[in-house]
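Asks: Structure below; questions to follow.
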């Protein structure tokens, strides 16, 4: 069921970045890091273009934000992403000390939070952000469905 | 108990990189990617120097190897690292399609393979490397103990 509330600007921007990734032949996922409501890092999936298996949207956005503020800890920052993060990205979110994580839609196949390893629920996990899922399920899942249908 | 066999060259190199990280004030962890026995990527922890929460030794080595061979999949490549990988790095190892993973010593606090999320045992995991642990327990754990003792 779609939310009756307008989508927050950072999630709208993350969806725009996901569209841009799709146009470039990448998996359509986008992410944004904000601090006090201002965008300080953004990214989209760049695996193919950058020849980099670590270049998921969240990783690109986190690395840009860290460079920009000159700290490897993004204390007090929020991350907005169009898909539930995978184990690699969830690990990076924890290392970066992200305060709040917002994602558009769950990923039953590769998500690491609601399913599978449930990383933030592991006793080992040293930092857990607040997590808000399902913010833009319709938009994000339509994007992904379209992408994978076109590849078949 | 120390192995009676000499340490493979890539693990020796990974330990040298861990020492280099320590000298630079970083957590002493090193990693090397090999293809057909030849080193095609290497890295050490660079979180502080690069202001990058994702700059673990394994990530740096994987990104260098991918750039060098011009492919975001490191099919047929092996990764050698001085410590059991964390969830972020284990996720990247799987994304990169690393064939064999060798690590020097387990990490009861942050390891993602023998403990905690046991990522490669998750049904979601799309690619699991062969895993060989405990190759240089004495050397790698002495390095880490020394580092954390000096920080206290």
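Asks: Considering only the range B:16-24, I want to know if a residue exists there that is more than 25 Å from residue B:151 (Cβ to Cβ), touching a residue at least 40 places away in the same chain (Cβ under 8 Å) and out of contact with any strand residue (DSSP E or B) (no Cβ under 8 Å at 6 or more places or on another chain).
Replies: Here is the first cut: in the range B:16-24, the residues more than 25 Å from residue B:151 (Cβ to Cβ) are none.
Within the range B:16-24, not a single residue is more than 25 Å from residue B:151 (Cβ to Cβ), touching a residue at least 40 places away in the same chain (Cβ under 8 Å) and out of contact with any strand residue (DSSP E or B) (no Cβ under 8 Å at 6 or more places or on another chain).
Asks: Can you give me the number of residues within the range B:41-57 that are over 14 Å from the mean Cα position of the chain (by Cα) and away from chain A (no Cβ under 13 Å)? Working first, answer last.
Replies: Looking only at the range B:41-57, we keep the residues that are over 14 Å from the mean Cα position of the chain (by Cα), and these are B:47-53.
Checking which are away from chain A (no Cβ under 13 Å) leaves us with none.
The qualifying residues number 0.
Asks: Which residues, counting only those in the range B:94-116, are in contact with a helix residue (DSSP H, G or I) (Cβ under 6 Å, 6 or more places away or on another chain) and within 8 Å of chain A (Cβ to nearest Cβ)?
Replies: B:96, B:112
Asks: Picking from A:6, A:85, which residue would you name as being within 13 Å of the chain's Cα centre (by Cα) and either buried (at least 24 other Cβ atoms within 10 Å of the Cβ) or more than 24 Å from residue B:110 (Cα to Cα) (or both)?
Replies: Working: A:6 fails: within 13 Å of the chain's Cα centre (by Cα).
Going through A:6, A:85 in turn, just one is within 13 Å of the chain's Cα centre (by Cα) and either buried (at least 24 other Cβ atoms within 10 Å of the Cβ) or more than 24 Å from residue B:110 (Cα to Cα) (or both): A:85.
Asks: Looking at the range A:117-128, which of its residues are assigned to a loop (DSSP other than H, G, I, E, B), at negative phi and at the interface with chain B (Cβ under 9 Å from one of its Cβ atoms)? Quick ask: steps written out before the conclusion?
Replies: Step one: filter the range A:117-128 for residues assigned to a loop (DSSP other than H, G, I, E, B), giving A:117-118, A:122-128.
Filter once more, keeping what is at negative phi: A:117, A:122-128.
Once the filter is applied, which keeps residues that are assigned to a loop (DSSP other than H, G, I, E, B), at negative phi and at the interface with chain B (Cβ under 9 Å from one of its Cβ atoms), the range A:117-128 yields A:117, A:122, A:123, A:124, A:125, A:126.
Asks: Exactly one of (1) away from chain B (no Cβ under 14 Å); (2) in contact with a helix residue (DSSP H, G or I) (Cβ under 8 Å, 6 or more places away or on another chain); (3) at pLDDT 95 or above is unmet by residue A:133. Its number?
Replies: Just one mismatch for residue A:133, condition (2).
Asks: Have a look at A:55, A:61 and point out the one that is without any contact (Cβ under 8 Å) to a residue 24 or more places away in the chain and farther than 18 Å from residue B:86 by Cβ. Step through it out loud before you land on a result.
Replies: On the way: A:61 fails: without any contact (Cβ under 8 Å) to a residue 24 or more places away in the chain.
Selected residue: A:55, the only one of A:55, A:61 that is without any contact (Cβ under 8 Å) to a residue 24 or more places away in the chain and farther than 18 Å from residue B:86 by Cβ.
Asks: Taking residue B:109 as the residue in question, decide whether it is closer than 30 Å to residue A:114 by Cβ, free of Cβ contacts under 8 Å to residues at least 40 places away in the same chain and surrounded by fewer than 22 Cβ atoms within 10 Å (Cβ to Cβ). Can you show your working first?
Replies: Numbers: closer than 30 Å to residue A:114 by Cβ: yes; free of Cβ contacts under 8 Å to residues at least 40 places away in the same chain: yes; surrounded by fewer than 22 Cβ atoms within 10 Å (Cβ to Cβ): yes.
In short, yes.
Asks: In addition: Only one of these conditions is not met by residue A:91: (1) more than 9 Å from chain B (Cβ to nearest Cβ); (2) assigned to a helix (DSSP H, G or I); (3) buried (at least 22 other Cβ atoms within 10 Å of the Cβ). Which number is it?
Replies: (1)
The values are calculated or read from the model by the stated rules, or taken from the named source; none is laboratory data. These numbers were taken from a predicted model, which means no experiment stands behind them. Every residue, glycine among them, receives a Cβ derived from its backbone with ideal geometry; neighbour counts consider all protein chains shown.
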